[in-house]
Structure formats: structure tokens, C-alpha cells
Amino acid sequence: MNCKDLEKALSEQSRLPLEAQEHVRSCNRCQELVSALNMRVPVEPLSPATLRQIADKMATNLRPVRPMAPARYFLGAFVGIFVSIVALGVYRMGAYAIAVMTPLQTATILSALAISTGLLAYSLAHQMVPGSLHRIPPRLLPVAVIISLTIAIIVLFQFQHERNFWGNAWGCIRAGTPIGALAAVPFWMVLRRGAILSPGLTGAATGLFAGLVGTSVLEIHCPNLNGWHILVSHLGVAILCALAGLVIGLAAEVKGTNYKEI
């Protein structure tokens with residue numbers, strides 16, 4: 001037993017073993033250490049006036065708050081908003097793509113979109129409630145959703161040359177992006193009722209979630225089945241909205257950090 005062993009025993013055990021006690025008897029340095037640790041420091045009790053002053057200062061900025069709703073209520077709100085805006089967009093623009101896609105294409109791409117949006121809604125609902133467990137890490141989920149949808153599009157649709165490709169792509173981007181921006185407003189109103197700990201991460205997920213509203217409407221409306229067109233202009237709407245959400249979230253995070261420093 002040496003001095004280092006004694007220090008380790010003091011940090012790990014409430015009572016010293018016999019070997020450590022023998023070492024203390026023969027080591028002046030360790031005797032001083034043990035004596036210092038065992039020394040009782042007299043502490044005067046605080047007066048009632050001091051305690052009252054501390055309690056008043058602690059309660060200065062406290063405000064009553066409502067109990068936070070369970071994550072399942074937020075999940076229901078996200079899904080309801082998503083379905084409502086997609087239905088409204090398809091009603092106004094028409095469901096022309098359903099008539100030209102095969103049943104396999106229709107079922108697969110719509111199922112992929114539904115699963116992706118369900119996972120994002122689940123993740124966002126739990127990000128609003130600190131301490132919630134996540135089945136899929138929120139940092140990886142947006143990337144996984146984009147990769148999965150890209151693979152589904154590559155497998156389902158043919159890629160071919162298209163005249164006026166960028167003109168057609170811009171038409172869908174211009175139609176889908178405002179739908180995503182519109183969906184972001186009620187999503188943000190729901191998010192305000194939670195406690196967001198990572199604005200950048202949540203902003204990217206919310207942007208992607210809102211962008212998938214526009215992507216879903218375009219996928220049901222647009223009869224252009226060229227794989228390049230779907231990747232660039234349909235899925236591109238979701239990616240653009242995700243980037244916008246990331247930038248807004250990071251800006252809010254930086255602003256919050258600067259405010260705390262002040």
C-alpha cells in the first residue's frame with residue numbers, strides 16, 4: 001500500500017481497509033491528509049432573514065407554467081396538419097400522377113413518403129419533450145429519410161433525357177416550396193408548446209417534414225415520371241426546406257447563446 005493507493009481508497013470507500021490504516025500510521029503525509037478530511041468545519045446556521053432573502057431572489061423570475069402534454073398529443077397534431085395540407089394541395093392542384101403511375105409505383109412511393117413523415121413526426125414530438133427516448137437518433141434521421149427516398153425513386157422510376165428539363169423542374173419547385181413554407185407555420189406553432197433543446201437539429205427536421213408536404217403533393221399531382229425530374233424538383237423541395245430550417249434553427253441557437261452571455 002502506497003500513498004496513491006490510499007488516495008484511491010479514500011475516494012472509493014467510506015471506511016479504510018486495514019492495509020490503508022497501517023500505511024497511515026507510518027506516513028506523515030497521509031496522516032495529515034486523513035486528519036484534514038476528518039476535520040469538522042463549524043458552520044453557523046443561517047438566520048431566518050437571510051433564508052427569506054435567498055428564497056425571494058430565487059423566486060424573482062419564476063412564472064407559473066402549464067404542464068407539458070405527452071408526446072403522443074404533439075404527434076397527433078403533426079400528423080393531422082400534414083394530412084390536412086396534403087389533402088388541400090391535392091384538391092386544388094389535381095391528382096394527375098396517380099393516373100400515369102403503375103399501382104406498384106403509386107403504392108411504394110406513397111408508402112415511403114408516409115413512413116418517412118411518420119418517423120419525422122415521431123422524432124419531432126419527442127424532441128419537444130426533454131428526456132424522451134428516441135428509437136432513431138434525431139441527428140441521423142433526416143439524412144436517413146433523404147437517402148431512403150432517393151433509393152426508392154431510383155428503383156421505381158426510369159431516368160431519361162428531357163427537353164426543357166430545368167424549366168419543368170423550376171415549375172414544380174415553385175409550386176411545391178410555398179406549400180412547404182405554408183406547412184411550416186402550423187408546425188412551428190406546435191413546436192412552440194414544447195421545450196426545444198437543439199434548435200438547429202429540430203429546425204432541420206421540421207424543415208424536412210414541412211418540405212415533404214410539398215413533395216407529397218407534387219408526387220400525387222405531377223404526371224412527369226422522369227426519375228431526374230422527381231429527384232431534383234420533387235425531393236428537391238424537401239431538401240431545400242430542410243436546409244432553410246437548419247439555417248433558421250442555427251440562427252436561433254446562436255441568438256439564444258449570445259443572449260445568455262449578456
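Data table
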quantity	calculated
In Hz, Karplus ³J(HN,Hα) per residue of segment 235-245 (6.51, -1.76, 1.60; θ = phi - 60°; x = Gly, Pro)	5, x, 4, 5, 5, 4, 5, 5, 5, 5, x
Solvent-accessible area per residue for the chain (1.4 angstrom probe, square angstrom)	64
Tensor-based shape of the chain (alpha-carbon gyration tensor, a/c under 1.5 rounded, otherwise prolate or oblate)	prolate
Cα gyration tensor shape for segment 1-150, rounded if a/c is under 1.5, else prolate or oblate	oblate
Extension gain from Ala144 to Asn164, taking 0.36 nm per residue of separation minus the Cα-Cα distance	4.1 nm
Segments 174-181, 155-162 sorted - mean Cβ within 10 Å per residue, highest first	174-181, 155-162
Phi-based couplings in Hz for segment 88-103 (Karplus 6.51, -1.76, 1.60; Gly and Pro marked x)	5, x, 5, 4, 7, 9, x, 10, 6, 5, 4, 6, 9, 7, 6, x
Helix-only [θ]222 nm of the chain, DSSP H runs n ≥ 4, -39500 (n - 2.57) each, per residue, nearest 500	-24000 deg cm²/dmol
Rounded tilt (10° steps) of 28-38 against the dominant C-alpha axis of the chain	70
Contact order relative to length of the chain, as percent, for alpha carbon pairs under 8 angstrom and 6 or more apart	22
Whole-Hz couplings from phi, Karplus 6.51/-1.76/1.60, listed for segment 214-223; x for Gly and Pro	x, 4, 5, 4, 5, 5, 8, 8, 6, x
For segment 77-138: rounded, prolate or oblate by the Cα gyration tensor [a/c cutoff 1.5]	oblate
Additional length obtainable on full extension of the chain from Arg72 to Lys57, 0.36 nm per residue less Cα span	1.7 nm
Highest-first arrangement of 182-192, 204-214, where packing means the average Cβ count within 10 Å	204-214, 182-192
Amide H partners (placed H, <5 Å) of Cys222, local residues excluded	Ala97
Calculated FRET value between Ala252 and Ala95, using beta carbons and R₀ = 30 Å, to 0.05	0.25
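The values are calculated or read from the model by the stated rules, or taken from the named source; none is laboratory data. Just so it is clear, the structure is predicted and the values come from calculations on it, not from any experiment. Backbone-built Cβ (ideal geometry, glycine too); neighbour counts: all protein chains shown. Please note that ligands, DNA and RNA were not included when accessible areas were found on the heavy atoms of the full protein model with its side chains. Shrake-Rupley method; radii C 1.70, N 1.55, O 1.52, S 1.80 Å.
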